[in-house]
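Each remark here refers to the structure printed beneath this line.
A short reminder: the numbers here are calculations on the coordinates, not readings from a lab. Predicted, not measured: the structure shown is a model, and the values here were computed from it. Every residue, glycine as well, gets a Cβ built from its backbone with ideal geometry; the counts of neighbours run over all protein chains shown.
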Amino acid sequence: MATATESTAVPRLIESTLEVFETMVFSTLVPGPVRADAQPPAASVMGAVRFLGSLSGAVSFYASDDAGCRIAAQLLGIEPQEAGEQMADAVGEITNMIAGTFRGRMAQAGETLMITTPTVTRGSDFRAHYFNVTSRTLVPFAMGDHQVFVELVLQAA
Amino acid sequence: MRKIIANTLKKIGCEDIVEAGNGAEGLQQVGTGAIDFVVTDWNMPVMNGLEFVRELRGLQTSATLPVLMVTTNAESSDIAGAKEAGVNDYVVKPFTAETLKEKMSALLAR
């Protein structure tokens, strides 16, 4: 059962993700069922932004190489096959925008958060570990033929 | 973010775009006197957007140069800090090309 914090935060994270993709990537994402305490997906690239304040945790974004290149191509107005070198920066910026928009929406709910600059991890076999985790919520999104994921990690203060 | 902004500027008809990777490089470009408008991110390496704008306002060549800041920091205290540093207006990420164009046009019309 979702806590009050999760019930406040997860819908706002979904709204933030949809807004960022609609506005910057010109893609209408379709959210799938929210997965509580799910394992992070297999992905080639992960962007992460930590947040601190009245809540502590992280917002992470996961994509395959193909999905990441498509996102970068849309952001930069180039072809996906030309986007490989820009993909990590693009995923970092998308994660930053999702987290920043989430921060603004949480402020409307009375939560004051500060966010860090994004970090990006690329590889084929990695998993992000956090300490003092109270919940990990994973939201899958369909992006055309691709699937991307956003994860909300909440930590004890 | 720099390349995203540059791509958006091209979409709205800006042709002569000079890019700088951080605030320090931006100051060098502004110092040439050949820049008519500055669009800067808040988060940049070496010298962030606020530091860049404060330094820029201290230069004779750019004391009145229009400066638009792009940021995810949309809290009123953040915006107040940006304006205090010398930013003329701001655009909150995510933003559309139309929003960027409207903000730039309004600043140029002042």
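Percent relative contact order of region B:7-90, based on C-alpha pairs within less than 8 angstrom and at least six residues apart? All intermediate terms of the calculation are to be shown ahead of the outcome.
Details: 100 pairs, mean separation 22.5, N = 84.
For region B:7-90, the relative contact order is 27 percent.
Angle between the Cα long axis of helix A:65-76 and the longest principal axis of chain A, 0 to 90 degrees, nearest 10? The answer is roughly 80 degrees. Largest GNM mean-square fluctuation among B:Glu19, B:Glu98, B:Glu51, using chain B with Cα springs under 10 Å: B:Glu98. Distance between the C-alpha centres of region B:83-102 and region A:1-31: 23 Å, rounded to the whole angstrom. For region B:1-31, the residues whose amide N sits under 14 Å from a probe point set 7 Å from the Cα of B:Ala97 along the beta carbon direction are B:4-15.
The distance between label points at B:Glu51 and A:Glu79 comes to 4.0 nm (points 7 Å beyond Cα on the Cα→Cβ vector).
Between A:Gly32, A:Gly47, A:Gly57, the GNM of chain A built on Cα springs shorter than 10 angstrom shows A:Gly32 fluctuating the most.
Which residues does a label at A:Met114 reach in region B:18-52, if reach means a backbone N under 17 Å from a point 7 Å past the Cα toward the Cβ? B:43-44, B:48-51, by backbone N distance to the label point.
When all alpha carbon pairs of region A:1-51 are counted in 10 Å bins from zero, the resulting P(r) reads 18, 48, 32, 2 %. If I model chain B as equal point scatterers sitting on the Cα atoms and use the Debye formula, what is log10 I(q)/I(0) at q = 0.23 Å⁻¹? Summing over Cα pairs of chain B leads to -1.52.
Once the Cβ-Cβ distance between B:Ala34 and A:Asp66 is put in as r, and R0 is 30 Å, what FRET efficiency do you end up with, to the nearest 0.05?
Efficiency computed from Cβ-Cβ geometry: 0.15.
Among B:Thr71, B:Thr40, B:Thr96, the largest mean-square fluctuation in a Gaussian network model of chain B, built with springs joining Cα atoms closer than 10 Å, belongs to B:Thr96.
Which value, in debye to the nearest 20, gives the size of the charge dipole of region A:1-117 about its Cα centre, when Lys and Arg are +1 and Asp and Glu are -1 at the Cβ? Intermediate values should be presented prior to the final figure.
Details: 6 positive and 13 negative charges, 95 e Å.
The dipole magnitude comes to about 460 debye.
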